[in-house]
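The block underneath contains the structure these notes are about, expressed in structure tokens.
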Amino acid sequence: MNNLTSQQRKFVYLGAILLLLIPIIWLGMPADGTPNSGGMISRLRQELDLGESDLGDLDPSGAAMNLALLGLRGVAANILWMQADEQKNHKDWGELRVTTDSIIRLQPHYVKVWEYNGWNLAYNVSAEWDAVPDRYFWVKEGGKFLQRGVERNRRSPDLKWHVGRIYGPKIGLSDEARFFRRFFYQDPDPQYDKGPDPEFNNSSEDNYLVAKRWFQEANDAESKARQTIMDRSIFRSYPARSQLDYAAALYKFGFKEEYDREVGDRKLTDEEAKALEIRVREKLKEQTRQAWVLGLDDWTKRYGQELFSVEYLPGIIVQMRLEMAEDELRSLGKTPEGIAQLRRAVDQYQKMNNYRYWRTRALCESEPETAEAHWALFAASEEYRKQSPAARTFAEQSMALFEKTLEKYPELKDEDNFVEEALTAVLVWNLYLRLEGEKPPEMFPLKSLWDEKQAIVPEIERRFERDSRTNY
Amino acid sequence: MNFDPVPFPLLQSFLLWLLVVGSATCIVLVVSLIATIATVGARGPVVFANELGAMVGDLVSLSPRRIFALAQLTFREAVRRKALMVFVVFAILFMFAGWFLSSSNLAPEFQVKVYVSFVLRAISWLILPVVLLLACWGIPEDIRLRSMHTVVTKPARRLELVIGRMLGYSFVGLTVLAVMGVVGWGWINRQLPESAKSQLICRQPIRGELTFLDREGNPTKEGINVGDIWMFHSFIEGATKARAIWTFEGVGPHVLDNEGNLLLENRFQAFRSHKGDMRRSIYFQYTFVNPETNARVPYQLKTVDEGRGRTDRINRTLLNIGESSKTDGKKYDIIDDMVSKDGRLTVEVACVDPGQYLGMARPDLFVRTADLPFYYGYFKAVACIGLMVLLVIFMGVSVSTFVKGPVATFLTFCVVIVSYGARDFMGRIVGDPIALQKAAQYSGLQEMKKLEGGGVLESIYRILWHMNPTTELPAGPSTTIMQFIDTGLVNFLWLVYRILPNFDYFSESLLYVANGFDVRFDSCVLACIMVTLAYFGPCVLLGYFALRVRELEAK
């Protein structure tokens, strides 16, 4: 080699380069979009779904950042994580938001990073703010952040479930639920001009129905890829649960929301207000019942019919549905021991998912009498606040209907929510009688329940008074 | 603000500087004398004295013309070495920066913070490696190419060579910085969303001293900790006698705005122990107190604007709205009646809602005087970066006189990194009061003790024998020897700690501007100037000394 001239050496190098290029080109030839096209690496990437674009949308800024770091991505990610932690402790929210974005640019397909930071923004950072609109802003930030995570990781059921959780329980069940639900369709940020933030809510649906859609997407993704959050039988219950939560929320918050939406900026006369109240109540009565009917359907005919393969005891795997007829039990269980085992498994899983409670509740709430009872109680409470005589009529109507429901579904006697509502109806009736200086008669509907549950009446009274004070 | 600006202790720092530089000079002189005696024998002291005389001679016969010529040469050489290519990286970074700073939904204050921090950090981190490399490679390359030999045989002296190099690189660094600073300023103004531009200001605060009263009304050092990890903020309980009391100095008619209002700005935090009324934030109340006459005027209730802060325009004429039975219905002039003759004003802050808490630290309430334009603070911050650039150049050139380019680069880089990242930790080990105070402030404690567990050997011993830092070591000669060696090592660490520059002052300038404040002269700009100046003399002397004793023909 040393005897070669400089020019000869260059030719040798060029030849070696060309020689090495042949296998590289052959192996790494790009695909043209048709199946089995491209080189070996390209085919393997397609086969194993390992391509960046197969996982989710591409992020050029993240790719640029990774290239610029020259392989120091891990170090940079560590430093950013430490910075994010310090910024969180120092309540430096603006910087934290930017650091979080930088972290996910470095680790776009690390699902836990999205989960952790999405939770952090929507739950921890939001709780650090005092004003409710500020809290809602950070809930939205968490939700939007997780949705970006879904775009980058389309196949992850976990991320879709987490998005559903922000739309569902975070907005609908937190202490600020009554504000958050309003902000969902009437954002407090003036830039949205009393409309929703289109980036977070681009439909006119209820937050629980949006959550239901996300949970359903999570279930669809879970059919193809494993979720890592919880037991599968609980994970798959969320779309149906969202429908039930939606129905419950309609009763709890629906009237005020719908009434205010109808009124808008108008000033109503007393007669107009009264007429509107009745109209909204009637509208919601049917809407809520329909929501419960659909909820029952989702719970028993869809979720209840799903087939779960569960390890009932160590090493013993059984196939089961939460809603199983006796003959199905027999055919799947085969042997008497197998049938007994399967029955126990179904029972345990029903308990674990609170399946029977929700089935009974949905069934009972789907009845027109129960819907009537709820709305009569609602009207009684509203009228009591105004100290109107109609309070007594509505309360008595509600008590009668609740008693009828209790006769039909005696198991509801041990169900806290139902008992609380039934007792509230009697309470409102009692309070009104006290206001009028009357004594309650010896016999009245729900008397046996009222007498039996005297221990919890003071607590229900306190709660009723508090709710009356904070009726906004 | 997440830090508490305190004035730079000028006299104390100067005395410490004299002590450190004096000790180091004495050590160098003594070691040199011993080395000379060891090399040339009895003639040693005479040779040493002659050398010292020649050095003093060099010092007094400096030629500005020659220094400038060398500086000019250095500048041309740096340009030839494509130092200005850094502009290309800078341009690319700023072209794509928008990709990474896209949270336009954030509140305007946060957006300003993000954009300003990005620009100033980008400038610092781009310019530092360039000047570091230039400064560390210039003289070693001259020696390698023997051009140094040609220069020093000319009338130019070694001292002039060192100063000329420093000056030349400083000129390069500052030119690059000036261009970057102007481009960065333009970029912020152009890129920042329109809604946030109103926040591009430099507040000029008058900060007060903060004391507390507990729920019984007794003086206390701090409020309640509500469970924050970072305990910088203290909380006072609502509807009790707990108060946060600020005393401001230098208050007079000149602090009022054009309409005669006193602007009080706060960054209070709220902590709820129960939900309360969620439609509104927590209420607090100011009470103005004249520290001389003790006249008290409670002001109307305000709500906390957590995370953003709020500016309250207090009308000069205060109406006493009453504090239970003390209502007198009189009107007070906030300057004439509430400010003492020596310009002090006390503001008491109370949380009004029972069961709720109001959080604050010293910088969270201040009297806001007329704002300055944004560029004023921004260019002050750029100037502080410039001083940091000079400091790195001084160190780099100085180090490059006694080691080769790669080693000089590595050494200077390490000094910069350690000064940035580990100086505070070293300060806690050696028990420096300022480092301990800073650590205490960071953790929200009143005081922080020196790190427990002893020095290196003691720590190793404790780790091996699973002893926690509070356990007494067994008495005996081995413990005495171990602790004696450790004391020596800790003293050496003290010297290293003192020699390392404090880069915090330079980074602080960024925090002021990013948070919408003017960069304070007494606590930041002055400190940056002093730190840079403090290193100039020693670095020049070290460089000169090294070049003088070095064999320049050796590659």
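General observations
- Trypsin sites (Lys or Arg not before Pro) within the stretch B:185-269: DSSP coil, no more than 11 neighbouring Cβ in 10 Å: B:Lys221
- Between the stretch A:108-154 and the stretch A:14-43, the alpha-carbon center distance in angstrom: 42 Å
- For the stretch A:168-243, alpha-carbon Rg relative to the globular expectation (2.2 N^0.38 Å, N residues): 1.27
- P(r) weight above 37 Å for chain A, C-alpha pairs, percent: 46 percent
- Set of lysines with alpha-carbon distance to B:Lys449 below 24 Å, sequence-local pairs under 8 removed: B:Lys221, B:Lys438
- If you take all other residues with their beta carbon under 12 Å from the beta carbon of A:Tyr167, and give Lys and Arg +1 and Asp and Glu -1, the sum is +4.
- Positions from the stretch A:89-112 whose accessible area shrinks by 20 Å² or more when the full protein complex is built, not the chain alone, probe 1.4 Å: A:Asn89, A:His90, A:Lys91, A:Asp92, A:Gly94, A:Glu95, A:Arg97, A:Val98, A:Asp101, A:Arg105
- When a 1.4 Å probe is rolled over the protein heavy atoms, the share of accessible surface on the protein assembly as shown that falls to carbon and sulfur comes to 60 percent.
- Computed from label points 7 Å out along Cα-Cβ, the spacing between B:Arg550 and B:Asn189 is 4.5 nm.
- Between the stretch B:18-47 and the stretch A:373-415, the Cα center-to-center distance that results, in Å: 101 Å
- Distance in nm between pseudo-label sites at B:Glu141 and B:Leu62 (7 Å out along the Cβ direction from Cα): 2.5 nm
- Net charge, B:Ala408 excluded, C-beta distance under 14 Å - Lys, Arg +1, Asp, Glu -1: +2
- Theoretical FRET efficiency, 1/(1+(r/R0)^6), r = Cβ-Cβ of A:Glu272 and B:Val226, R0 41 Å, to 0.05: 0.30
- Normalised alpha carbon radius of gyration of the protein assembly as shown [divisor 2.2 N^0.38 Å]: 1.22
- In the stretch A:366-472, GluC sites (Glu not before Pro) in a DSSP loop with at most 11 other beta-carbon atoms within 10 Å: A:Glu438, A:Glu442
- Contact order normalised by residue count of chain A, Cα under 8 Å, 6+ apart, percent: 7 percent
- Legend: translational diffusion of the stretch B:379-477 by Stokes-Einstein, Rh = Kirkwood radius over C-alpha pairs, 4 °C, 1.567 mPa s; D = 77 µm²/s.
- Above-threshold pairs, the threshold being 29 Å between Cα atoms, out of A:Lys91/B:Lys302; A:Lys212/A:Lys386; A:Lys252/B:Lys241; A:Lys170/A:Lys408: A:Lys212/A:Lys386; A:Lys252/B:Lys241; A:Lys170/A:Lys408
- Taking amide H positions as modeled 1.01 Å from N, with prolines and chain starts lacking one, the residues under 5 Å from B:Ile314 and 5 or more places away or on another chain are B:Leu262, B:Leu263, B:Leu264.
- All C-alpha to C-alpha distances of the stretch B:205-368, sorted into 5 Å bins beginning at zero, yield P(r) values of 2, 9, 18, 23, 21, 16, 8, 3, 1 percent in whole numbers.
- Charge context of B:Gly396, other residues only, Cβ under 15 angstrom, K/R +1, D/E -1: 0
- If R0 equals 51 Å, the separation of the Cβ atoms of B:Ala178 and A:Thr228 corresponds to a calculated FRET efficiency of about 0.40.
- Residue-span extension gain [A:Val263 to A:Leu27] - 0.36 nm each, minus C-alpha spacing: 78.2 nm
- Computed E for A:Arg462/A:Lys283 - FRET, C-beta separation, R0 45 angstrom, nearest 0.05: 0.90
- Total accessible area lost when A and B pair, probe 1.4 Å, Å² to nearest 100: 2700 Å²
- Nitroxide proxy distance, nm - points 7 Å out along Cα→Cβ at B:Ala49 and B:Asn261: 7.6 nm
- The residues of the protein assembly as shown present an accessible area of 50 Å² per residue when probed at 1.4 Å with all protein chains retained.
- Applying the criteria of a DSSP loop state and at most 15 other Cβ atoms within 10 Å to the GluC sites (Glu not before Pro) of the stretch A:164-268 yields A:Glu199.
- Sites counted here are trypsin sites (Lys or Arg not before Pro) in a DSSP loop (not H, G, I, E or B) having no more than 10 other Cβ atoms within 10 Å; the longest part of chain A that contains none of them is A:1-223.
- Spatial offset of the stretch B:498-538 relative to the stretch A:256-285 amounts to 64 Å, using the alpha carbon center of each.
- Length-normalised contact order of the stretch B:205-368 in % [C-alpha pairs under 8 Å, at least 6 apart]: 36 percent
- Placing a label point 7 Å from the Cα of A:Ala455 along the Cα-to-Cβ direction, no residue of the stretch A:413-434 has its backbone N under 11 Å from that point.
The values are calculated or read from the model by the stated rules, or taken from the named source; none is laboratory data. What you are looking at is a predicted structure, and each value in this text was computed from that prediction instead of being measured. When we count neighbours, we look across all protein chains shown, and the Cβ atoms used for this are built from the backbone with ideal geometry, even at glycine. Ligands, DNA and RNA are excluded from the accessible area calculation, which covers all protein heavy atoms including side chains. Shrake-Rupley method; radii C 1.70, N 1.55, O 1.52, S 1.80 Å.
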